[in-house]
Amino acid sequence: MTRGILMTEYAELAAASAFSFLEGASHPQELVDQALFLGHAALGIADRNTVAGVVRAHVAAKRRGLRLLVGSRLGFEDGPDVIAYPRDREGWGRLCRLLSLGKGRAAKSGCRLRLDDLEDQAAGMALIVMPPPWPDAAFAASLDRIAGFGALVWLGAARRYAPDDAARLEALAALAGRRRLVAVNDVLYHAPSRRPLQDVMRCIRHGCTIAEAGLRLEPHGERHLKPAAEMARLFRGYEGAIAAQAEILEAVGFTLGDIHYEYPDEPVPPGKTPDGHLADLAWAGAAIRYPGGAPAAITATIRRELDLIAQLGYARYFLTVNDIVGFARRQGILCQGRGSAANSAVCYALGITAVDPAEIDLLFERFVSAERGEPPDIDVDFEHERREEVIQYIYGRYGRARAAIAAAVIHYRPRSAIRDVGKALGLEAATIETLAAQSWNPGDALWSDERLREAGLDPASPDLRRAIGLARELVDLPRHLSQHVGGFVLTRTRLDEIVPVGPAAMAERSFIEWDKDDIDALGLMKVDVLALGMLTCIRKCFALLGIADLADVPREDPRVYDMLCRGDALGVFQVESRAQMNMLPRLRPRTFYDLVIEVAIVRPGPIQGDMVHPYLRRRNGLEATNMPSPALRAVLGKTLGVPLFQEQAMRIAIEAAGFTPGEANELRRAMATFRSPGAIERFFTRMVEGMVARGHERDFAERCFRQIEGFGTYGFPESHAASFAHLVYVSAWLKCHHPAEFAAALLNSQPMGFYQPAQIVRDAREHGIAVRAADVAASAWDCTVENGALRLGLRMIRGFRADWAARIDALRAERRIGLPELASLPKAALEALAEAGALRSLGMGRRTALWQAGLVDNAPPSPLGPLSCPAAAPELPLMQHGEHVAADYRATGLSLRAHPLGLLRSHPRLRGTITCKDMDERVQDGGQVRLAGLVTVRQRPGSAKGTVFITIEDETGIANLIVWPARVEALRQEIVSARLLGVRGRVQRGVERDVTIVHVLVDTLADLSPLLDRLDRLDPPEAASEAGGQGKSRPERRTAPRSRDFH
Amino acid sequence: MLSIWLAAGLPASNPSDAPAERALDQLALRCQGFTPLVAPDPPDGLLLDITGCAHLFGGEARLCARIGAMLPGARIAIGGTAMAARALARHGITSDARLDTLPVTALGLEAPVARRLHRLGIRRIGALTRLSRSEIRAGFSEDLLLRLDRLHGRVAEPLHFLPPPAAWREAESHHEPLLTAEQLRAALARLVIRLCDRLEAAECGLTILQVRFRRVDARVVGETIGFAAPARDAPHICRLLAERLNRVDPGFGVEGLEIEGEVAALPAGQPELGGAFRPEHTQTFDLLATRARLSRLAPVASHVPERAMRRIPVTEPPPGWPPAGHPRPVRLFVRPERIEVIAPVPDDPPLLMRWRGASHRITRATGPERIAREWWRHESPEAAGRAEVEMLRDYYAIEDEAGQRFWVFRTGLHGGARPPRWFIHGVF
C-alpha cells in the first residue's frame, strides 16, 4: 500500500504495548484505537523481545481499518536496542527464528541475543536502531556494524525533553545522515492518563515502592501517542525524519495475513490422496460402528461431511488427529473426543468421538462450516496419568521444530492487581489483604464504597482511591506468558518460522508466544490434548474386571438408571457433585438423553438464565409443554420447549431472530470469550427485536437473551454434553454392578473427582462392601478386590512410595514377610507402615511396630543372614480408641474403626448437637438444629452470587449446609479455615416426587478444629500451658484430611 | 534455681527499645537485684540461681511474691536444676507440681523426637522412667537422655549469666557551694580525669556526656555534649565542657556535680580508618559542633530538583554522588522566586527575563527539560486550596548578555485553565 505522507501526517513506529510485560501500560487494542483517534497514518507495535501481542493488534487494526506494522524491539547484550519490522514473509520467519534462538539460551522467560545473531538473520528486515541517551563512540561503531548487515537501517530519534535534546538530535543526524533519521516518540502508553500506571509497573518490575523508585521512573509523562501536528512541532527543523516514516511504510509490505498455514503432511498410502484416504478410513470405521449397516441418514451425513471437508481442505487435519488417537488406542490408553468435534459423524466413524449421530441430532455446522473460514478444533481427553505418553509421542513424531504447545496469557485479576499495586504504593499489608479479600466475591461491585466501609476502610482516603483506581486499570492487562494445558500447534514447515518458540518451565517442553485466540485468528491448527481423571479410573476398573473397551459396556441398563434416580452417585462422572446429586432425584433420568440433559443443566448457563426450573416443572408434568412458536418446535422439542444448549441458542438466533449462520457464530464466539462477557451487549437489541418482529413475546425473547448471556461464563454444547454423558453412563454402570472394583479404581486414580478417599470408602461400606485396611502381608501398591472385599493399597499411606511397595511385593513372592525381611526397607518406609498399622499381621501393634521400626539398622544384609533381631520392645502405653482413629487419619486420611465425630460426640463443646442422620430423619422443615462434622467440601459457585455451600460429615452421614451471602462475610474465617465445624441453623426440606432433599441454612458456625487434636488424648484436662504455648496442631500431620474446595 | 516465664510477653516498658533480646537483657539486669547470677532464657524467660539468696528476702515464697509483683503475668517456679525450674514454670499447673507429671514437651525436645514420643503414647516425664537408659538411647536419641540427666541434676547445664553493668558515672559533693566558673571547671576536670582513666582501662570512649549540676536551691541544671567519634582525651573533653559552661547558671551555688556518659568501644591506639575521621579531626569537629549546627548533603533519588538532596550529619562518611545527569545550578534557591518572562509559545526558551527589578536579555538557552509532578505525593490541604497543583515544570538554563546564567522554569502549559507562571530556581 503506497501512499505519500503529507507533512501533517504521522505514524508512530516505536510503540510498546502491555505485552512488553510490566513496561508498556496499554493494551494493543487501546494503542490501535488511539492511533485512529489521532488520525495517524499507521502504527508499529514492537514489544520487547516478543511478538506475543501482535495478533491482537492485527485483529483490532484490521477490524477498524488501521495500517499496522508488526515487529519486535530486540534487546542485545552487546549493542543498542533495535526495532525490527520484517518486510516480507521470509523476513518474518527470520525474526521468529531469531527470537526463538534468544529464548532458547535464556532462563525462564528471558531472551539473550547478540549482534552476531542479528547479522545472520537481518535480510528482509527494516531496522530502526534506538540510540542510548547520549550517542557515543561505541554506539557509532555498533551503528556502523548494523548498517552493514544487509537490512534497511534507520536511526530512531525521539525527543526526550532533556536539556540536551537539540544537541542530541544534531549528533544523531550527523551519525545517520539526515536522510536516515526517523522520528519516533518511543511510546509506552496510549494516553497521558496512563502515566501513573506505567510508573507503578516499573515499581512492580523492580520490586520497590513508588517512594523508593527514585530515578528509575520516567521524569515526565510524554511517552504517549501524540497528534501529528505536535510531533511535527517537536521535530521542527528535522522534517526529513518525519518523512522517513513514509519510506519505512513503503519498504515494509508484510502483514500477519501473509502467513499461510499448512497442515502437517500425514503418511498416506501410495496412490491415494488425503481426502481419499480419509474417506476410506471413515467408511471402514462406519462399518465397525454399525455392524448391521449404517442407517441411510447416517450414510448421507457422512457423505455430506466428507464433501465439506474436501471442499475446505481439512482432510489432513482429521488424519492427524486420527493418528494421535490411534497411537493412544495401540497403547491401551483410553481417550475420547469432546467439545464441538462430537458433532461430527466422521469423527464418530473414525472412533475419535463417542457420540452416535443415530442417537443425538448433531449440528455439523457447529463444528465446521463453509463460512467460518477457520480450522476446526478437536479436543481429546486422555487418561490423566498417561497423557504424558501422548505428548511425548507428538513431540517424537513431529519433532520440536514442528510441534509446540500454545501459550496462555496470564492476565492480572483483581486480587493480584490490588496486591501488586498496593505493595508498590506502600499501603499497609493489612489494608492490602482486606482489599484482596474483597475480590473473593466475584460479580459484586468490586471495591465499591459500601464494601470498603463494611471492611473498615475509609473510601474517601486518597491513598485508597488511588490504589483502587490503578488496580482497576491493571486488571485484564497481561502479566506474563505461561504454557497452555495441552493445546498443541503442529505445522508442516518449521514452526519457529511462523511464531517464536521458547522453552517452558518443564523440561523437554516448548511453547509458542501466541495463545488460543491468536491461533484461531490466524487460522493455525491446534489439537487439545487434555487429561481426564475419570478415564484413568475407568480403565483401571476395566483392568480389574477384564473388560476391553468402552463399547463393551451394555447400554441402557434400567438398574443403572434406578441407582441414579435415587441420587446414589458418589464417584460417578459429572453427577457426583452436591448440586448434581440434588438434581438427580428431581430430574430422574431414565434414558441416555436424560443424562445428556443432566450433565448440561447444572451449569451456570441455564441456572443464570432461569431455565432450570421450567424444564423440571414440565418434565414432572407440573406445567404444560407449550412451544413458544411452531417454528421453534424442531429446535426445542427434545428439551420440552426450554433452551438448554449452546446449539439451541444458536439455532434460535438463526431461526427466530433472523441471524445468519455467520452472525450466530459471532454470537457463539462472544459467548465463549471468557474474559469479556459484556461483549454480548451489542447483540441484545438485535436479537430481541428480531424475535419480536417475528411474533415472539418480548418476555420470552429477553429471557432467551439472558440465558445466552449466562452462557458467556460457561455453556455447554449439546455434543459435548453427549460425550460426557457417555462416561457418566459407563461409570454409573461400573458403580452399580461392580461397586468394589469401582471404588478401588477411584482410589487408585486419585487425585480426581469431587470426593476424598475417606468419602469413597464410606460410600463403599454403606453399600455393603467390606473394606480391609492396608497391610503389609496382603496389600499391593494399588487397592485391590479380595473376594468381593476392598483391600486398601499401600498407596493410601501418606508418604509411602511405589518403589517400596514393589520391594514388598518382591519379598512376599520370595517368602513370608517378617520384620527381619522388612529390615531391608528404609527406615522411613517402616515408620510409615508402623504408623498406618500395616504391620498388624506381623503380630505387632502400632506402638510396638513404631518402636521396632525406629530401632532397625539400615546396614546392608550380611551374608550371615538377616540382621540380629532387635530387642523386644519395652512396655508401651496402650493406644486408646481415639488415638487409633487419630493415627489412622494422620497416616491414611481415613479410618475404618470409627469416625472422629463418633468419639468426640461426648465432648462438652458438642453438647446439644445431633447426628446428621437424626437430622435427616427427624427434624421438620424450619426446625432449629445444632450439628457438627468434618468439612469435606466447600463450594462458592460463581452462579450463586456469593453463597457458600459446605458439606460436613459425621459418624452417621453427611449434611449439606448453605451460608447465604449476608452471613458469609461474618463467618469468613470459619468457612475458610475450619476442618471441624459446629453448626447452628435451620433445616430446609424440599420434597419432590417422594424424594426429600434436606439442607441446613446456617445461622452461625464455630471452628472446632482444635478438638481434632484432642482425639489423641481423651484424658482429663492436662497441663494448662501445653496448649497455650505450643498451641495449634503441627502443620505437617493433620488429623483430619483437607477438604475439597471449589469455586 | 528459679525460673521466670513471661507468659504474657515482655513488659512494654519502653517501646522505643531495640529488639527483644535487649529488652530481655534489661529485664535480667533488673533481676540482678535479687541475685547476682541471672541468665536470660530466650525468647521469653529468665533463670535465676537463688542458692543462698532466698533467706535474704524472707524465704522462697516471699521472693516469688516480690518477683511476681515486679512482673505481673509472669509464671515463676523453683526447681532443683535449671531444666526442672524451667519445665515447672512453663508446664506446671501449680507451683509445687511434681516433675513426673509434667509433659515430655517440657524437656524442650526437637520436633521429630517429640513426635515419636507422642506417637508411642509416652506423654509424661514419669513414663520415661520406665524405660532403661539403653532403651531411651536406642529408641529416641542421645539428646533426650542428656536432657533427662540435666533435669535430674546428674549432668550440669551450662548457663550464661549476665555480667553486671558498669556505670560510667562520676560524682562529687561539696559542703561549700561552688560559685565561680573557675571552681566549676576545676571540679569537672577532676571528674573527667577519673572517668577517662576508667575508660582507658576498659578500652572504651565516650559518645555522649551528660553533666548535671545540683544547685543549692535543689534545682538541677545540666548540659549534654556529643562527640564525633568515641573520645577519652581528658583535656579535649574539658575544653568542650568549658565552652558550654557559659550557658550554665549556677544560681546561688552548686552543691554537687555528676557526669555520666554512654560509651562505645575504642581500642587503644586507634588504627587508621580510611575514609572515616582521623583522631585529630574529630576534635576540631567537636569544637565546631558545640558552636554551630553542621551537616552535609547527600543525594536523594528524585527527579524533582528540590527533593534531590537531603542533610545528613557530618559524622557520616561522605556519600557518593551519582554520575552527572543533566546540569544543575551551583546554587539552588530554597524558594523559587517569581519572574516575568517573554517567551514564544508553546515551549520555546525565554527571550527576555525580568527579575528583582532588573531586565535580562537572553542570548543562549537550553531546554525545555520537563519534570512532571510526583503524582503519588499528597499536597498539604492548605496548598491544595491555595494554588493550583502544578502538573509539570519545564526548566531552561539561560544565559543573558552579560554572561550570567540562570536556571528558570515555567509551571503549566499554555492553553491550560490558568496562565503559566515563571520562576527562577537557581544560578549557575
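The values are calculated or read from the model by the stated rules, or taken from the named source; none is laboratory data. Fair warning: this is a prediction, and the values are worked out from it, not measured in the lab. Cβ sites come from the backbone with ideal geometry, for glycine too, and all protein chains shown count toward neighbours. Calculation scope for accessible area: heavy atoms of the full protein, side chains included, ligands and nucleic acids excluded. Shrake-Rupley method; radii C 1.70, N 1.55, O 1.52, S 1.80 Å.
A few points about this structure:
- Helix-only CD estimate at 222 nm, as mean residue ellipticity for chain A, using -39500 (n - 2.57) per DSSP H run (n ≥ 4): -13000 deg cm²/dmol
- Length added when fully stretched, A:LEU545-A:GLU77, from 0.36 nm per residue minus Cα-Cα: 162.3 nm
- Listed residues A:ALA810, A:PRO757, B:LEU128: farthest to the positive end of the dipole of the protein assembly as shown (Cβ charges): B:LEU128
- Candidate lysines for bridging to A:LYS638, where Cα separation is under 29 Å - those fewer than 8 sequence places away on the same chain excluded: A:LYS735
- Over 22 Å [Cα-Cα, region B:2-151], rounded percent: 45 percent
- Highest-first arrangement of B:396-404, B:236-244, where packing means the average Cβ count within 10 Å: B:236-244, B:396-404
- Extending 7 Å from Cα along the Cβ direction at A:ILE410 and again at B:LEU56 yields two label points whose distance is 6.4 nm.
- A Förster distance of 60 Å, applied to the separation of the beta-carbon atoms of B:ILE193 and B:VAL334, puts the FRET efficiency at 0.85.
- Angle of helix A:718-737 to the longest C-alpha principal axis of chain A, folded into 0 to 90 degrees and rounded to 10: 20°.
- When chains A and B come together, the accessible area they lose, probed at 1.4 Å and totalled over both chains, is close to 4000 Å².
- Chain B shape via C-alpha gyration tensor axes, a/c threshold 1.5: oblate
- Cβ-based net charge around A:LEU1001, under 14 Å, with every Lys or Arg adding one and every Asp or Glu removing one: +3
- Residue mean of other protein chain beta carbons inside 10 Å, B:365-377: 6
- Separation of alpha-carbon centers, region A:219-271 and region B:298-331, rounded to whole Å: 43 Å
- Qualifying chymotrypsin sites (Phe, Trp or Tyr not before Pro) for region B:126-232 [loop in DSSP, other Cβ within 10 Å: at most 16]: B:PHE161
- Loop-located GluC sites (Glu not before Pro) in region A:400-488, at most 11 other Cβ atoms within 10 Å (DSSP): A:GLU428
- Two-decimal ratio, region B:331-427, of alpha-carbon radius of gyration to 2.2 N^0.38 Å: 1.10
- Burial ranking of peptide ranges A:269-279, A:1000-1010 (average Cβ count within 10 Å, highest at the top): A:1000-1010, A:269-279
- For chain B, a simple Cβ point-charge model (Lys and Arg +1, Asp and Glu -1, everything else neutral) yields a dipole of about 1040 debye relative to the Cα centre.
- Mean separation of Cα contacts under 8 Å, 6 or more apart, over the residue count of chain A: relative contact order %: 8 percent
- The angle between the Cα long axis of helix A:846-855 and the main principal axis of chain A comes to about 60°, on a 0 to 90 degree scale.
- The antiparallel fraction among DSSP beta bridges confined to the protein assembly as shown stands at about 80%.
- Distance between the 7 Å Cα→Cβ label points at A:ALA1006 and B:SER132: 5.0 nm.
- Candidate cross-link partners of A:LYS516 among the aspartates and glutamates, defined by an alpha-carbon separation under 13 Å and a same-chain spacing of 8 or more, comprise A:GLU374, A:ASP377, A:ASP379, A:ASP528.
- For trypsin sites (Lys or Arg not before Pro), the sites in region A:744-845 that DSSP calls loop and that have at most 12 other Cβ atoms within 10 Å are A:ARG815, A:ARG816.
- Placing pseudo-labels 7 Å out from each Cα toward the beta carbon at A:ASP809 and A:LEU308 gives an inter-label distance of 4.8 nm.
- A Cβ-based charge dipole, computed about the Cα centre of the protein assembly as shown with Lys and Arg at +1 and Asp and Glu at -1, lands at about 1460 debye.
- Accessible surface of the protein assembly as shown [probe 1.4 Å, protein heavy atoms]: carbon and sulfur percent: 53 percent
- Between the Cα long axis of helix A:757-766 and the first principal axis of chain A there is an angle of about 40°, rounded to the nearest 10.
- Inter-chain neighbour count for A:157-165: the average number of beta-carbon atoms from partner chains within 10 Å of each residue's beta-carbon is 5.
- Considering helices alone, the calculated mean residue ellipticity of chain B at 222 nm is -8000 deg cm²/dmol, with DSSP H runs of length four and up weighted by -39500 (n - 2.57) and normalised per residue.
- Using 0.36 nm per residue and subtracting the Cα-Cα separation, the extra length available between A:GLU262 and A:ALA966 on full extension is 247.9 nm.
- Shielding of peptide A:784-793 by partners, expressed as the average count of other chain Cβ atoms within 10 Å per residue Cβ, is 0.
- Gyration tensor (alpha-carbon) shape descriptor, the protein assembly as shown, a/c threshold 1.5: oblate
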